[in-house]
């Protein structure tokens, strides 16, 4: 079964706008990761945030983590058409070695 | 190679046929995962290897699914007597260490798209 759930399922914005995607999960975690998938391709790692961190930045990406609410958000600033893809959150499970993914948010950035 | 390699890229099988999907992880990576991804959905966990040991196979949907990694490197996912509901993209991922202790990311292959007719 999947661990995380992303929201919204689909998001359509104009180039230059910011995109925010949310993820909720169920169990205690060591870390939460965000991945991107272009159509017909494998997933590519974007950013990892540890359970003792609250916010992390990487370029135009900003991730927050609220372990009390078991939720995370991914913000993409100044979006570009090339950001069009599906975005997934993934969590390990505390003291477990596997990693589970949510259903994803399909982001479309219109030029 | 530089990344995770999966073969074949596409596989068409008649219902009832057996198929074997191959994954070459990044050299030296300890952890290897198989996921099943239906169209428009997220990857569903199938099984996890740490070196040659299959530590978790709780995601395998039925006893028709079998995975192995006999020498701790290349892995094969075998599906016996394929059914139409097995049609999906099968993704393989690897990671340098043991995830629980190292907080590492996964490196994915491009997947094998299986179509069962």
On the given criteria, is residue A:52 in contact with a helix residue (DSSP H, G or I) (Cβ under 7 Å, 6 or more places away or on another chain), within 14 Å of another protein chain (Cβ to nearest Cβ), at pLDDT below 95 and surrounded by fewer than 19 Cβ atoms within 10 Å (Cβ to Cβ)? no
So which residues in region B:38-61 are touching a strand residue (DSSP E or B) at 6+ places or on another chain (Cβ under 6 Å), more than 23 Å from residue A:41 (Cα to Cα) and not in a strand (DSSP E or B), if there are any at all? B:57
Being over 20 Å from residue B:12 (Cα atoms) and touching a strand residue (DSSP E or B) at 6+ places or on another chain (Cβ under 8 Å) is the filter; apply it to region B:62-71 and report the residue that is nearest to the other protein chains (Cβ to nearest Cβ). B:69
Being in a loop (DSSP other than H, G, I, E, B) and at the interface with chain B (Cβ under 10 Å from one of its Cβ atoms) is the filter here; which residues of region A:1-17 pass it? A:1, A:2, A:3, A:4, A:9
Among (1) modelled with pLDDT of 95 or more; (2) part of a strand (DSSP E or B); (3) out of contact with any helix residue (DSSP H, G or I) (no Cβ under 8 Å at 6 or more places or on another chain); (4) more than 8 Å from every other protein chain (Cβ to nearest Cβ), which single condition is residue B:35 missing? (4)
Find the residue count for region B:8-31, including only residues that are more than 20 Å from residue B:64 (Cα to Cα) and surrounded by 14 or more Cβ atoms within 10 Å (Cβ to Cβ). 6
Looking only at region A:62-72, decide whether some residue is touching a helix residue (DSSP H, G or I) at 6+ places or on another chain (Cβ under 7 Å) and part of a strand (DSSP E or B). no
For the list (1) part of a loop (DSSP other than H, G, I, E, B); (2) closer than 25 Å to residue B:93 by Cα; (3) within 11 Å of another protein chain (Cβ to nearest Cβ), I need the number of the one condition that residue A:34 fails. (1)
State whether the residues of region B:76-94 include one that is surrounded by fewer than 19 Cβ atoms within 10 Å (Cβ to Cβ) and closer than 16 Å to residue B:6 by Cβ. yes
Exactly one of A:91, A:84 is modelled with pLDDT of 95 or more, more than 10 Å from every other protein chain (Cβ to nearest Cβ) and touching a strand residue (DSSP E or B) at 6+ places or on another chain (Cβ under 6 Å), and that residue is A:84
Just checking, which of A:64, A:108, A:20 is touching a strand residue (DSSP E or B) at 6+ places or on another chain (Cβ under 6 Å), at pLDDT 95 or above, more than 13 Å from chain B (Cβ to nearest Cβ) and under 18 Å from residue B:41 (Cβ atoms)? A:108
If you take the residues in region A:67-81 that are over 17 Å from residue A:35 (Cα atoms) and without any contact (Cβ under 8 Å) to a residue 60 or more places away in the chain, which one is nearest to the other protein chains (Cβ to nearest Cβ)? A:67
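The values are calculated or read from the model by the stated rules, or taken from the named source; none is laboratory data. Note that the structure is a prediction, hence the values are computed from the model and not measured. Note that we place each Cβ from the backbone using ideal geometry, even for glycine, and neighbour counts take in every protein chain shown.
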